[in-house]
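Chemist: Handing you a structure now.
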Amino acid sequence: MIGIGAGDPDHLTLQAVKAIGAADAFLILEKGEEKADLTGLRRAMLDAHARPGHRLVEGRDPDRDRTPAEYAPTVDGWRSARAEIFERFIADLADGETGAFLVWGDPSLYDSTLAILDEVLERGRVAFEHEVVPGISSVSALLARHRTNLNRVGRPVQITTGRRLAEGWPQDVDDVVVMLDARHAFTAHLDQDLFIYWGAYVGTPDEILVSGRLADVAGRIEELRTEARARKGWIMDTYLLRRG
Ligand SMILES: C[S@@+](CC[C@H](N)C(=O)[O-])C[C@H]1O[C@@H](n2cnc3c(N)ncnc32)[C@H](O)[C@@H]1O
C-alpha cells in the first residue's frame with residue numbers, strides 16, 4: 001500500500017518511488033467521471049516510475065450511497081464490495097509477485113484501504129503479506145502551503161470531519177483540522193473568534209488558498225467552493241480552524 005501524496009506528483013517520497021518500481025501489478029479503481037483527474041495522476045505516476053511490463057488492473061469503484069440513513073452499515077456494505085475486487089486482484093497475482101495499491105495522501109488518514117485489506121485477510125481466501133509506505137497527507141500539504149504549524153506549542157489538535165464539526169465544536173481543543181466537508185460546516189461557528197487556513201485541490205494546478213479571520217473570509221470561501229465545484233464537478237478541500 002503506497003501513499004502517493006495529495007495531488008502534486010512531487011509529493012511522492014523516494015520510498016514510494018522505489019515501491020512503485022518494485023511492483024508487478026497495480027489496482028486502480030475508477031471513481032466516476034468527476035474523479036478522472038485523480039486517476040490520471042496515478043496513471044502518470046506509473047508512466048514515470050513503474051517498471052516496464054507492469055500490469056495495470058482497472059476496476060470500477062462500487063457506488064456508495066452518499067446520504068445513508070444509517071451511516072455505518074452502508075459504509076460496511078461498500079467496503080465488502082471493494083474487498084471482493086481486492087481479493088480478485090490478489091488472487092490473480094502469481095506466487096512471489098507484488099501487487100500495489102496507490103493510496104491518496106497518507107494511508108493512515110481517513111482512508112479505508114487498510115481496513116479493506118484486513119477484511120480480505122480475515123476472509124482467508126487469499127494469503128499475502130502487506131506493507132504500508134507513508135505518504136504526504138493533505139493536512140501536511142495544506143499547512144506547508146500556508147507556512148503554519150499543525151499544533152501550537154504543547155497544545156492538542158483534533159482532526160475531524162465536516163459532518164462532526166456541523167454538530168458542534170469539539171471539547172478541549174482550540175485547533176481543529178476539518179476534512180470531508182461537503183456542507184460548509186465552518187459557517188456554524190462564525191460567532192467564535194477563529195482563524196481559518198483553507199485550501200482546495202492543494203498541490204495541484206487548480207490549488208486555491210485562503211486564510212484570515214473566519215468571520216471575514218467565510219463568505220469568500222463559500223463562493224470559491226461553490227464556483228470551483230460547479231466548474232470541475234468535484235472538490236477536495238481541507239482547513240485548519242484556530243481559536244484565540
Ligand atoms: C477520503 S479522504 C483521504 C485523505 C488522504 N488519505 C490524505 O492523507 O489526505 C479525502 C479528503 O481529504 C482531503 N483532501 C485530499 N486531497 C486534498 C487536496 N489535494 N487538497 C485539499 N484537501 C484534500 C479532503 O478533505 C477530502 O475530502
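Chemist: Would you kindly state how much longer the chain becomes between SER80 and ASN151 on full extension, computed as 0.36 nm times their sequence separation minus their alpha carbon distance, in nm to one decimal? Present the calculation step by step, with values, prior to reporting the outcome.
Modeler: Working: separation 71, 0.36 × 71 = 25.56 nm, distance 3.61 nm.
Roughly 21.9 nm would be gained on extension.
Chemist: By per-residue mean of other Cβ atoms within 10 Å, what is the highest-first order of 169-181, 151-163?
Modeler: 169-181, 151-163
Chemist: When Lys and Arg each count +1 and Asp and Glu each count -1, what net charge do the other residues less than 13 Å away from PHE195, Cβ to Cβ, add up to?
Modeler: Working: positive: ARG152, ARG213, ARG242, ARG243; negative: ASP174, ASP175, ASP193, ASP216.
Here the count lands on 0.
Chemist: Here's a follow-up. Using only Cα atoms, find the angle between the long axis of helix 113-123 and the longest principal axis of the chain, and express it within 0 to 90 degrees, rounded to the nearest 10.
Modeler: Between the helix axis and the principal axis of the chain, the angle is about 40 degrees.
Chemist: Short version: ³J(HN,Hα) in whole Hz for each residue of the range 164-179, in order, from phi by Karplus 6.51 cos²θ - 1.76 cosθ + 1.60 (θ = phi - 60°), x for Gly and Pro, what are they?
Modeler: Each residue's phi maps through the Karplus curve to give 6, 5, 5, 7, x, 6, x, 6, 6, 9, 10, 10, 10, 9, 10, 10 Hz.
Chemist: Hey, with R₀ at 30 Å, roughly what FRET efficiency would ALA127 and ASP10 work out to, going by the Cβ-Cβ distance, to 0.05?
Modeler: On the way: r = 36 Å, r/R0 = 1.20.
Approximately 0.25, to the nearest 0.05.
Chemist: Let me ask another. Quick check: residue separation of ARG220 and ASP24 times 0.36 nm, minus the Cα distance between them. What number comes out in nm?
Modeler: Numbers: separation 196, 0.36 × 196 = 70.56 nm, distance 4.64 nm.
Between ARG220 and ASP24, full extension yields 65.9 nm more.
Chemist: Here's a follow-up. Mind listing which chymotrypsin sites (Phe, Trp or Tyr not before Pro) in the range 117-220 are in a DSSP loop and have 16 or fewer other Cβ atoms within 10 Å? Walk me through the intermediate numbers first.
Modeler: On the way: sites: PHE128, PHE186, PHE195, TYR197, TRP198, TYR201; in loops: PHE128, TYR201.
Here the chymotrypsin sites (Phe, Trp or Tyr not before Pro) that fit, given the DSSP loop and packing criteria, are PHE128.
Chemist: Moving to a separate point now. Residue farthest toward the positive end of the dipole of the chain, with Cβ of Lys/Arg at +1 and Asp/Glu at -1: which of SER138, ALA215, GLY96?
Modeler: Of SER138, ALA215, GLY96, it is ALA215.
Chemist: Restricting to Cα pairs below 8 Å that are 6+ residues apart, what does the relative contact order work out to for the range 2-123? Please round to a whole percent. Write out the running numbers ahead of the final one.
Modeler: Numbers: 146 pairs, mean separation 44.8, N = 122.
Once divided by the residue count of the range 2-123, the mean separation gives 37 percent.
Chemist: What number, in percent, do you get for the relative contact order of the range 138-243 if the mean sequence gap of Cα pairs under 8 Å and at least 6 apart is divided by its residue count? Before the final figure, lay out the partial values.
Modeler: Details: 172 pairs, mean separation 33.3, N = 106.
Averaging sequence separation for qualifying contacts and normalising by length gives 31 percent for the range 138-243.
Chemist: Given a cut-off of under 8 Å on Cα pairs at least six residues apart, what relative contact order in percent is computed for the range 112-192? Mind dumping the intermediate values first?
Modeler: On the way: 56 pairs, mean separation 17.8, N = 81.
So the answer I get is 22 percent.
Chemist: Let me ask something else about it. Students often check this: by mean Cβ neighbours within 10 Å, which of 38-44, 81-87 ranks highest, and how do the rest follow?
Modeler: On the way: 38-44: 15.0, 81-87: 18.4.
Those peptides, ordered most packed to least, come out 81-87, 38-44.
Only the coordinates and a few stated rules stand behind these numbers; no lab work does. Owing to the predicted nature of the structure, the values given are computational and were not obtained by experimental measurement. We place every Cβ from the backbone using ideal geometry, glycine too, and count neighbours over all the protein chains shown.
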